[in-house]
Amino acid sequence: MSNAFVDFQNVWLAYNDELLANNQFAVEDIDFKVNKGEFVAIVGPSGCGKSTFMKLTTGLKMPSKGKILVDGEPVNGPLKISGMAFQASSLLPWRTTLNNVLLPLEIVQPYRDNFKANKDAYVDRARKLLETVGLKGYEDKYPWELSGGMQQRASICRALIHEPKMLLLDEPFGALDAFTREDLWCILRDLWQEQRFNIILVTHDLRESVFLADTVYVMSKSPGRFIVRKEIELPRPRDLAVTYTPEFTAIVQELRGHIGAHRQALPTA
């Protein structure tokens with residue numbers, strides 16, 4: 001029996017029966033375990049299956065082969081214990097920041113049935129989250145009145161408002177400028193260190209993965225599979241100064257080397 005919070009057991013995925021019959025897989029032979037409270041990052045080239053992996057983890061896709069367990073239970077459909085944030089914040093333009101953050105509590109059970117009765121408490125929770133990420137005073141603003149970085153902060157609050165056991169982040173900072181991106185790294189770091197929920201981060205940014213994660217996995221180009229597992233042994237808590245140290249740079253270069261070597265090893269057409 002595994003004690004892992006997330007446990008992929010020899011997972012393969014083909015997107016339809018025809019591809020399955022032809023042994024054409026989007027991801028293949030994934031054995032992957034995440035310990036409770038661990039922060040994991042997944043990096044790799046475009047098209048390698050990182051987003052597909054996220055869909056498998058949340059139950060939005062079922063594997064063609066293999067088994068997935070989350071929190072000790074088989075994944076048979078969309079999970080209610082996870083929150084998600086993407087590169088596009090996807091805030092609803094007709095809702096204020098506060099009401100965008102409250103949205104999961106209106107639609108996710110068991111909160112939905114108790115939303116009216118508990119609304120004051122939920123609003124307090126949302127306001128505290130927004131204050132934590134630096135959005136106090138912006139509760140009544142609409143998405144078009146917020147910068148990209150502010151929208152992404154609100155998106156992260158929305159993903160955390162129902163207190164999920166796991167947060168999945170798919171390129172959440174990819175569209176932001178470097179300064180805003182690093183600011184949000186620190187906000188995410190602080191939220192995780194305070195609450196220690198599980199995080200799986202998909203990113204193209206090797207610096208981001210090394211700064212934030214306990215463990216970084218490198219995926220190969222499609223069909224996606226894990227080719228490297230790297231534990232990040234930089235001490236915590238980490239601040240941005242660590243990103244300028246030789247130790248940090250060496251880890252980034254090592255991961256970059258793995259990705260580059262795999263690309264060179266691919267057969268050419």
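The values are calculated or read from the model by the stated rules, or taken from the named source; none is laboratory data. As the structure is a computational prediction, the values presented were derived from the model and not from experiment. With ideal geometry, Cβ positions are generated from the backbone for all residues, glycine too; neighbour counts draw on all protein chains shown.
Brief remarks follow.
- Residue that is out of contact with any Lys or Arg (no Cβ under 7 Å at 6 or more places or on another chain), buried (at least 17 other Cβ atoms within 10 Å of the Cβ) and either of a type outside the set (S, T, N, Q) or over 20 Å from Gln193 (Cβ atoms) (or both), where the choices are Leu167, Leu130: Leu167
- In the range 34-66, the qualifying residues are those that are crowded, with 23+ Cβ neighbours inside 10 Å and part of a loop (DSSP other than H, G, I, E, B), and the one that is modelled with the lowest pLDDT is Cys48.
- The residue that is surrounded by the fewest Cβ atoms within 10 Å (Cβ to Cβ), counting only those in the range 13-33 that are part of a strand (DSSP E or B) and out of contact with any helix residue (DSSP H, G or I) (no Cβ under 9 Å at 6 or more places or on another chain), is Asp31.
To keep it simple, each residue is scored yes or no on (1) assigned to a loop (DSSP other than H, G, I, E, B); (2) surrounded by 14 or more Cβ atoms within 10 Å (Cβ to Cβ); (3) more than 20 Å from the chain's Cα centre (by Cα); (4) not charged (D, E, K, R).
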| residue | (1), (2), (3), (4) |
| --- | --- |
| Arg95 | yes, yes, yes, no |
| Glu106 | no, no, yes, no |
| Asp120 | no, no, yes, no |
| Asp140 | yes, no, yes, no |
| Ala154 | no, yes, no, yes |
| Cys157 | no, yes, no, yes |
| Ala175 | yes, yes, no, yes |
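- Boolean, Val216 is among the aliphatic types (A, V, I, L, M), part of a strand (DSSP E or B) and in contact with a helix residue (DSSP H, G or I) (Cβ under 6 Å, 6 or more places away or on another chain): yes
- When we screen Arg181, Arg263 for residues that are modelled with pLDDT under 95 and surrounded by fewer than 17 Cβ atoms within 10 Å (Cβ to Cβ), the only hit is Arg263.
- Unmet requirement for Leu234, which otherwise passes all of (1) part of a loop (DSSP other than H, G, I, E, B); (2) at pLDDT 95 or above; (3) closer than 12 Å to Ile42 by Cβ: (3)
- For the range 193-208, residues that are in a helix (DSSP H, G or I) and within 17 Å of Thr57 (Cβ to Cβ) total 0.
- Selection status of Asp214, under 30 Å from Glu106 (Cα atoms), of a type in the set (Asp, Glu) and surrounded by 15 or more Cβ atoms within 10 Å (Cβ to Cβ): no
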